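J.: The structure that follows is given in the form of C-alpha cells.
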Amino acid sequence: MKRRNLGAWLLATASALTMALPLSVQAADEAPDALIKQLSTDVLETIKTDKAIQAGDTNKIVTLVDTKIMPNVNFPRMTAAAVGPAWRQASAEQKARLQEEFKTLLVRTYSGALAQVSDQTISIKPLRAGADDADVVVRTEVRGKGDPIQLDYRLEKTPGVGAGWKIYNLNVMGVWLVETYRSQFATEINAKGLDGLIATLTERNKANNAKKG
C-alpha cells in the first residue's frame, strides 16, 4: 500500500466517526492501550478476510465502521470539536445532521484505501499515563511495506458502567484529524453558516458516492 493511501485508511478506521456490544462492554474493563490493540487487530483481520471490503464495497465498509469502530468512539465530541464554537449554537437537528454527514464523509472519502489493506500489523508503544489519568494518548505504529506509519489515538475515560475508554481524536503522521477538519469547516461556517456547512458536506458526500458508483 502506498504511504498516502495507508494514511487515508488510518483516518477512515479511526474516525469514523454503535452497535458492537461485546467491544463496548469490554472497553469498561480494558486499559486504553489494550483496547486499541484489540480494536486494531479486529479491524485488520476483518478487512483481510472480507472479499467485499477488499473489492471496495461501501456498504460493507460502513457496516465495519458501525459495528467495530463506532462503539469505541465519542463521535459527538469528535464532531463538536471539528465544528468548533458554532456547535454550541447548533440545534439538535443540526447536530444530528452534522454527525451523520461527517461520518459519511470520513467513510466514503477513504473507503478506497480500506480495500488496499494487505499485510499491515499494529505495534503498540508503551503507554505514558498515570493510573488516575482520564485523558490519554495511545501511540502506535502501523507496519507493513515501507517505513512505519505513526498513528496516535487520544482517548477519554467516560463515566458509567460499560462506558470505558472512548476515542475522540487521532494523529496520523503528525496531523490531528479533528484540527484538520476544524480549519476546513470554519471556512464554510464563516461564509455560509451551519446550514451552509451541512449543505456542503451533503454535496461532497453525494459527489463521493457518484464517483464510487
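J.: Lysines near Lys60 by alpha-carbon distance under 16 Å, same-chain residues fewer than 8 away left out - which ones?
T.: Cα-Cα hits under 16 Å: Lys48, Lys51, Lys68, Lys103, Lys212.
J.: I've got another one for you. Just check segment 80-205 against the gyration tensor rule for me: Cα atoms, a ≥ b ≥ c as the square roots of the eigenvalues, rounded for a/c under 1.5, and otherwise prolate or oblate depending on whether a/b exceeds b/c. Don't skip to the end; give the middle numbers.
T.: Numbers: a/c = 2.23, a/b = 1.38, b/c = 1.62.
Taking the square roots of the gyration eigenvalues as a ≥ b ≥ c, segment 80-205 is oblate.
J.: Could you list which residues have their amide H under 5 Å from that of Thr140, counting only those 5 or more apart in sequence or on another chain, with H placed in the peptide plane?
T.: The answer is Lys125, Leu151, Asp152, Tyr153.
J.: How much accessible surface does Asp133 have with a 1.4 Å probe, in Å² rounded to 10?
T.: Rounded to the nearest 10, that gives 70 Å².
J.: Take Thr63 and Thr121, extend 7 Å from each Cα along the Cα→Cβ direction, and tell me the distance between the two endpoints in nm.
T.: Each label point is offset 7 Å from its Cα along the Cβ direction, giving 3.0 nm.
J.: Apply the Karplus curve 6.51 cos²θ - 1.76 cosθ + 1.60, θ = phi - 60°, to the phi angles in segment 196-204 and return the couplings in whole Hz, x for Gly and Pro.
T.: Values per residue, Gly and Pro as x: x, 4, 4, 5, 5, 5, 4, 5, 5 Hz.
J.: Which whole-number percent is the relative contact order of segment 44-196 (Cα, under 8 Å, 6+ apart)?
T.: Details: 188 pairs, mean separation 36.3, N = 153.
Relative contact order of segment 44-196: 24 percent.
J.: I've got another one for you. Could you tell me whether segment 54-96 comes out rounded, prolate or oblate from its Cα gyration tensor? Rule is a ≥ b ≥ c as square roots of the eigenvalues, rounded for a/c under 1.5, then prolate if a/b exceeds b/c, otherwise oblate. All intermediate terms of the calculation are to be shown ahead of the outcome.
T.: Details: a/c = 3.03, a/b = 2.44, b/c = 1.24.
It is prolate, given that a/c is not under 1.5 and a/b is the larger ratio.
J.: Report the FRET efficiency, 1/(1 + (r/R0)^6), for Asp147 and Ser183, where r is their Cβ-Cβ distance and R0 is 25 Å, rounded to 0.05.
T.: On the way: r = 27 Å, r/R0 = 1.07.
After rounding, the FRET efficiency stands at 0.40.
J.: Sort segment 121-192 into rounded, prolate or oblate with this rule: let a ≥ b ≥ c be the square roots of the eigenvalues of the Cα gyration tensor; rounded if a/c is under 1.5, and if a/c is not under 1.5, prolate when a/b is larger than b/c, oblate otherwise.
T.: Working: a/c = 2.70, a/b = 1.17, b/c = 2.31.
The shape class here is oblate.
J.: Distance in nm between label sites at Lys95 and Ala207, each 7 Å beyond Cα in the beta-carbon direction?
T.: For the pair Lys95/Ala207, the computed spacing is 3.0 nm.
The values are calculated or read from the model by the stated rules, or taken from the named source; none is laboratory data. Keep in mind it's a predicted model, so treat the numbers as computed, not measured. Positions of Cβ are generated from backbone atoms using ideal geometry, with glycine treated the same way; all protein chains shown enter the neighbour counts. For accessibility, only protein heavy atoms count, side chains too; no ligands or nucleic acids. Shrake-Rupley method; radii C 1.70, N 1.55, O 1.52, S 1.80 Å.
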